[in-house]
Each structure stands twice: as structure tokens, then as C-alpha cells.
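Reading through the C-alpha cells given below for one structure.
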Amino acid sequence: MTIHDWFDGPYPARVRIAIAEKQLESRVRFASVNLWTGEHKTPAFLAKNYSGTLPVLELNDGSLIAECTAITEYLDNLDGPPTLTGTTPFEKGTIHMMSRRAELELLDAISVYFHHATPGLGPKVELYQNPEWGMRQRDRAMRAMDYFDTLLKTRPYIAGTAFSMADITVIGAFIFAAIVKLEVPAQHVALHAWHARMQARPSVQAWNRMVEETWAAR
Ligand code: GTS
């Protein structure tokens, strides 16, 4: 399997963390697509993913799966535990709901803020920007931080009692928040405590290490 991605991207991080959680590293190779030069918008890449976004999973027979949640579901169904997308119908539904909520309200909102209200990937890639829309999404993300903080006062993980894809989505949001220097307010104690626990996971530590080492080697 090949993952087409960019090493320190927050969305690619979601899939890389899922791969590490599932211990599938030996079955995957990574092919770099340079976001900063707009390689993800070239005809060759758009033929792999109509949306022109990373990451994309390419199977050995050439089949393609885009979208982090879809890729994570595929990987999760390859092998045994840990389960990232749930086992029972209720778990599956709840994890899907919470991951989608984390995307819509938090991660995607931060991404829109980045692309519309900051220089984003630069003028060659950001062909249309709407700063007002970007700032609204920034506010939306800040409201979502409050929501997830309240939620985590009552449960250890985003979707309930077990680590799941929904946690990985919020981890991706923290990664993007750090890139755009959007601070998670200190008063969100439960959210910060959850994040500290996530940072201790070997999958997240491996991602942090990989990013540091890649930057150091550049
Ligand atoms: N819904 C998609 C998914 O879940 O895979 C969103 C993917 C996405 O936005 N990926 C970013 C991207 O391609 C990668 S990164 O920002 O995390 O590095 N952005 C480039 C662009 O031009 O939107």
C-alpha cells in the first residue's frame, strides 16, 4: 500500500497515527506530494483524488481511497485490535458521529481559517480567499474547543470509554491549531489533560519524532 501525503500535514497525521496504532507500518510506503508547491492540484494528482487533498491511499492493484475517515476505516478492517472505528453498531455510529463533529466543528474549521484568513499555502496555491469566512470558522473552532472540553469532563475519550478515530481527528485539530498558532484556552483543563494523555501514546510520539527528524534533515 502507498500513502500519498505530506509529512507534517495535520490530515495526513491522522492516517499516520492510525497506521501506527494498528502497527501496519511495515505494509505501507509513503509517497511525498508537496503541498507548498501545489503538487496536490496538478492533473496527475487530481486523477488520484478529485478533491485535490491529502492523504490518499493507493492499494497495490491501483485502487484509490481518499478521505481520512475512509482510509482509517479501510485500515481498521484489515486486521485485529485495536479497533479505531468501533465494533458494535452503537460504537460505530457514535465514533462516526464524533469524528464527523470533530472535523466539521474543529479541524475543518481551523483548516478554513488557515486557507482563508492567513497566507495559507501561499499565493500560487490559494487562488481564492475569503478572510471573513476564515475568521468565522476560527470562531467556530474556538466554540468547538469549549464543547470538547465540556464533553471530556464526563468521559475519558472523545467518543466514550475507548480511544478511537474520533480522538485521532481531534489530535489532528491540535496539530493544525499549533501550525496556525491558535491557542487552546488554558481554562479548558479537561481538553488539555486529554491532549497530554494523547501525547503519551506511542503512535503520537512516533509522529512527533518523525516530524522533528524530517525537519532536522531538510
Ligand atoms: N476531508 C479531507 C480528508 O479528511 O482527507 C480533507 C483533507 C485535507 O484538507 N488535507 C489537507 C490538504 O490537502 C492536507 S494538510 O493541510 O493537513 O496538510 N490541504 C491542501 C488544500 O489545498 O486544501
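The values are calculated or read from the model by the stated rules, or taken from the named source; none is laboratory data. These figures come from a predicted structure and were not determined experimentally. In this analysis, Cβ positions are derived from the backbone assuming ideal geometry, glycine residues included, and neighbour counts consider all displayed protein chains. For accessibility, only protein heavy atoms count, side chains too; no ligands or nucleic acids. Shrake-Rupley method; radii C 1.70, N 1.55, O 1.52, S 1.80 Å.
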(message) Which residue is nearest to Leu75 (Cα to Cα), if the candidates are limited to the range 19-42 and must be in a helix (DSSP H, G or I) and within 15 Å of the ligand (Cβ to nearest atom)?
(response) Ile19
(request) Tell me, yes or no, whether the range 87-104 has at least one residue that is open to solvent by 20 Å² or more (accessible area, probe 1.4 Å) and within 19 Å of Asn130 (Cβ to Cβ). (result) yes
(request) State whether the residues of the range 171-185 include one that is over 18 Å from Glu105 (Cβ atoms), more than 17 Å from the chain's Cα centre (by Cα) and part of a loop (DSSP other than H, G, I, E, B). (result) no
(message) Checking Ala47 against (1) of a type in the set (Gly, Ala, Ser); (2) within 11 Å of the ligand (Cβ to nearest atom); (3) open to solvent by 20 Å² or more (accessible area, probe 1.4 Å), only one condition comes out false. Which one?
(response) (2)
(message) As an exercise: evaluate Asn60 against (1) outside the structural domain of Val170 (by TED's automatic domain parsing); (2) assigned to a helix (DSSP H, G or I); (3) away from the ligand (no atom under 15 Å from the Cβ) and give the number of the one condition it does not meet.
(response) (2)
(request) Specify which of the listed residues (Leu54, Leu121) is crowded, with 20+ Cβ neighbours inside 10 Å, assigned to a loop (DSSP other than H, G, I, E, B) and either within 12 Å of the ligand (Cβ to nearest atom) or modelled with pLDDT under 95 (or both). (result) Leu54
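Looking only at the range 5-18, count every residue that is without any contact (Cβ under 8 Å) to a residue 60 or more places away in the chain, surrounded by 21 or more Cβ atoms within 10 Å (Cβ to Cβ) and either part of a loop (DSSP other than H, G, I, E, B) or more than 10 Å from the ligand (Cβ to nearest atom) (or both) and tell me the total.
Step one: of the range 5-18, the residues without any contact (Cβ under 8 Å) to a residue 60 or more places away in the chain are 5-6, 9, 12.
Still in the running and surrounded by 21 or more Cβ atoms within 10 Å (Cβ to Cβ): 5, 9, 12.
Remaining after also requiring either part of a loop (DSSP other than H, G, I, E, B) or more than 10 Å from the ligand (Cβ to nearest atom) (or both): 9.
The total comes to 1.
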(message) Need pairs with beta-carbon distance below 6 Å; first residue at pLDDT below 95 and within the range 199-218, second open to solvent by 60 Å² or more (accessible area, probe 1.4 Å); sequence gap 6+ or separate chains.
(response) none
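Looking at the structure I just gave you, is Leu84 within 30 Å of Leu182 (Cα to Cα), more than 12 Å from the ligand (Cβ to nearest atom), in contact with an Asp or Glu (Cβ under 6 Å, 6 or more places away or on another chain) and open to solvent by less than 50 Å² (accessible area, probe 1.4 Å)? So that I can check it myself, show each step before the final result.
On the way: within 30 Å of Leu182 (Cα to Cα): yes; more than 12 Å from the ligand (Cβ to nearest atom): yes; in contact with an Asp or Glu (Cβ under 6 Å, 6 or more places away or on another chain): yes; open to solvent by less than 50 Å² (accessible area, probe 1.4 Å): yes.
The answer is yes for Leu84.
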